[in-house]
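Any read-out appearing in this document is the output of simple, stated calculations on the displayed coordinates, not a laboratory observation. Everything numeric here is computed off the predicted structure, so don't read it as measured data. Because the Cβ atoms are built from the backbone with ideal geometry, glycine has one as well, and the counts that use them run over all protein chains shown.
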Amino acid sequence: MASSKPIPGTHIFDGDAARKGYALNALCFSFNDAKNRQAFLDDEEAYCAKFPLTPEQKAAVAERNVLKMMAAGGNIYYLAKLAGIFGLNVQDVGAQQTGMTVDAFKQMLLDQAVGVKETAHG
Amino acid sequence: MAEILGGFFSSHVPAIGGAIARKAQAEPYWSPFFDAWPPVREWLGKVKPTTIVAFYNDHGLNFFLDKMPTFAVGAAPSYANADEGWGLPLFPTVQGHPELSWHIIEQLVEDEFDITTCQEMLCDHALSIPMVLAWPDHAPAPVRVVPITINTVQHPLPSAKRCLALGRSVAKALANWGADERIVVMGTGGLSHQLDGERAGFMNPEYDAFCLDNLSKDPDALTRHSVHEIVELAGTQGVEILNWIAARGAMGQTASEVSRTYHIPISNTAASVLVLETEAGQRAGQAKETAAAA
């Protein structure tokens with residue numbers, strides 16, 4: 001909501017983003033179908049041309065740049081389907097967005113367990 | 001009359017499906033999560049549900065941004081899983097319960113929830129994974145399911161207060177469901193995690209503990225935060241706690257904790273598995289133990 005204070009490093013996927021990102025997210029949604037994933041791999045440009053992507057969205061996809069995709073309205077649940085085509089998981093995507101190596105990002109996740117009371121079998 | 005026996009709650013992460021496919025459950029990375037499930041199965045074995053009412057969010061399998069219902073109730077005879085984009089092996093189809101779905105729909109609309117009804121619906125990992133963890137040896141699971149999805153993807157999202165009220169309306173429907181059924185609710189997603197943005201990797205054990213401690217005894221405490229505050233506290237995807245809040249509402253007034261697991265991290269997520277039971281669930285468990293002792 002416009003009146004809420006921004007949360008650092010956090011992008012709210014709201015109506016503005018949903019409108020702006022519609023074509024990009026539609027491209028990613030199409031990758032639920034294995035045939036479409038293959039068509040993208042076979043000829044990325046031709047496949048992307050089926051969706052009315054903005055120049056900004058086209059460039060972000062070509063560069064595999066997740067932050068730019070988000071700035072262009074991409075939603076992570078859909079972008080994760082695109083990332084999957086390249087064999088990238090959410091740690092790879094997290095590392096790219098935070099400017100860390102994948103190992104450093106994974107270690108950062110593990111480090112958050114330090115000092116936390118883990119519970120099992122209540 | 002139907003009885004509401006309790007609820008189980010779990011994080012849902014696509015990578016859990018990958019770990020199941022690779023048979024990686026016993027690996028050190030994964031075992032803290034998979035080890036949470038034997039107590040859940042033991043409890044399910046005691047209360048023997050016939051029926052599950054499941055609250056979760058779709059991640060772009062059944063719903064796209066072309067049509068995005070705030071609340072949707074499945075009313076289909078069955079719910080198939082499908083490829084979510086990663087080509088993972090498909091999970092078993094879940095059996096539906098259209099009669100109960102429509103009974104819940106009637107109650108929700110009477111209580112002024114303007115829901116979407118779905119006579120065809122695919123279910124993604126958010127429903128499939130907890131089902132297969134709860135009943136790993138069954139395909140399909142030996143229960144009938146009413147799925148209820150909450151939009152946690154495209155803001156504005158419904159408030160925590162509204163989600164709790166939705167769950168309580170479902171509890172009302174279940175309490176006056178005339179069939180002799182044994183009902184367990186399920187809430188999936190969370191806990192704290194953030195996949196996107198420069199804050200990716202954010203988790204918040206303190207907020208998660210607040211949620212876990214209050215869900216049973218004072219779920220209204222979780223509704224005092226706005227959605228924006230929950231995003232700040234739990235992360236952009238940690239807002240899936242809304243599913244747990246709604247599921248807790250569907251259990252009715254009282255709930256006590258049976259088992260709880262909390263582990264960091266599974267994928268990018270603070271993972272938790274929780275079982276709560278109602279007084280009816282406690283009685284069912286005691287009856288089973290008495291019978292076993294006799």
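About the centre of its Cα atoms, chain A shows a dipole size close to 280 debye [charges on the beta carbon of Lys, Arg (+1) and Asp, Glu (-1) only; nearest 20 debye].
In plain terms, the residue of B:20, B:52 with the fewest other Cβ atoms within 10 Å comes first and the most crowded comes last, giving B:20, B:52. From most to least packed by mean Cβ count within 10 Å, the peptides B:209-216, A:91-98, B:238-245, B:106-113 give B:238-245, A:91-98, B:209-216, B:106-113.
When the pairs A:81/B:23; B:161/B:288; A:68/A:106; A:35/B:67; A:20/A:81; A:106/B:161 are compared against a 30 Å limit on Cα-Cα distance, B:161/B:288; A:106/B:161 fall above it. Computed from backbone phi with θ = phi - 60° and the Karplus coefficients 6.51, -1.76 and 1.60, the 3J(HN,Hα) list for region B:183-197 is 10, 10, 9, 9, x, 10, x, x, 7, 4, 5, 9, 8, 10, x Hz; x is used for glycine and proline.
Mean residue ellipticity, 222 nm, helices only, chain A: the sum of -39500 (n - 2.57) across DSSP H runs of n ≥ 4, divided by residue count and rounded to 500, is -16000 deg cm²/dmol.
Beta bridges assigned by DSSP with both partners in the protein assembly as shown are antiparallel in approximately 45 percent of cases. Under a 5 Å amide H cut-off, with hydrogens placed 1.01 Å from N, residue B:97 pairs with B:76, B:145 among residues at least 5 apart or on other chains.
Both radii were evaluated on the Cα set of region A:15-86; the Rg over Rh quotient, with Rh as the Kirkwood radius, amounts to 0.92. Using only side-chain charges placed at the Cβ, +1 for Lys and Arg and -1 for Asp and Glu, the dipole size of the protein assembly as shown relative to its Cα centre rounds to 200 debye. Here the Karplus relation 6.51 cos²θ - 1.76 cosθ + 1.60, evaluated at θ = phi - 60°, turns the backbone of region B:235-240 into coupling constants of x, 4, 9, x, 5, 4 Hz, with x for every Gly and Pro. Positive-end ranking of B:38, B:214, B:186 along the dipole of the protein assembly as shown, with charges on Cβ about the Cα centre, is headed by B:38. Calculate the FRET efficiency for residue A:68 and residue A:34 from the Cβ-Cβ distance with a Förster distance of 25 Å, rounded to the nearest 0.05. With R0 = 25 Å, the Cβ-Cβ based efficiency is 0.40. Only aspartates and glutamates eight or more places from residue A:117 in sequence, or on another chain, were considered; those with a Cα closer than 20 Å are B:35, B:206, B:208, B:213, B:257. 3J(HN,Hα) along region A:15-22, derived from phi through the Karplus expression 6.51 cos²θ - 1.76 cosθ + 1.60 where θ = phi - 60°, amounts to x, 4, 5, 5, 6, 4, x, 4 Hz, with x in place of Gly and Pro.
Taken residue by residue and averaged, Cβ atoms of other chains lying within 10 Å of the Cβ of B:220-227 number 1. Shielding value for A:81-92 is 4, the average number of Cβ atoms from other chains within 10 Å of each residue's Cβ. Tell me the mean residue ellipticity at 222 nm calculated for chain B from its helices only (DSSP H runs of n ≥ 4, each -39500 (n - 2.57), averaged over every residue, nearest 500). After summing the helix terms and dividing by residue count, I get -11000 deg cm²/dmol. For the pair region A:84-122 and region B:47-111, the centres of their Cα atoms are 30 angstrom apart. Per-residue shielding of B:190-197, expressed as the average number of other chain Cβ atoms within 10 Å of the residue Cβ, stands at 6.
Between the helical axis of A:76-85 and the longest alpha-carbon principal axis of chain A there is an angle of about 70 degrees.
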